[in-house]
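This report concerns only the one structure given below.
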Amino acid sequence: MVIVAGHIFVDPDQRESYLSGCVAVVEQARQAAGCLDFAISADLLDIRRINVYERWESQAAVEAFRGSGPSDDQGAAVQAASVAEYDIADIRSLTGEDSA
């Protein structure tokens, strides 16, 4: 399993439009083969920050979906970013249930 997690920073005045522009990407990702979860969301404390979280069955699934990355408009809006991929070897449920 691969988890992609981190955050990006955009101008506070552009955050809502940036997130609106991500709706189609989230829809596509959640329908992609090997996608277990995919979320891009506004941070609750920092008006510049957008949180990124993805969970994939494999590195191959990530690479098949990734394509060319964000659109030029979205890329231009990003002021800074800290996003990384993590290879996960084991999972322990904290709720005692499988997530849907």
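Coordinate-derived values only; no laboratory data. Bear in mind the structure is a predicted one, so any value in this text is a computation, not a measurement. Please note: Cβ atoms are built from the backbone with ideal geometry, for glycine as well, and neighbour counts cover all protein chains shown.
Tabulated results
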item: Given charges at beta-carbon only (K, R positive; D, E negative), |dipole| of the chain in Debye; result: 60
item: Sorted largest first, extent of the stretch 2-87 alpha carbons per principal axis (Å); result: 35, 21, 18
item: Residue-averaged 222 nm ellipticity for the chain, from DSSP H runs of 4+ at -39500 (n - 2.57), nearest 500; result: -8000 deg cm²/dmol
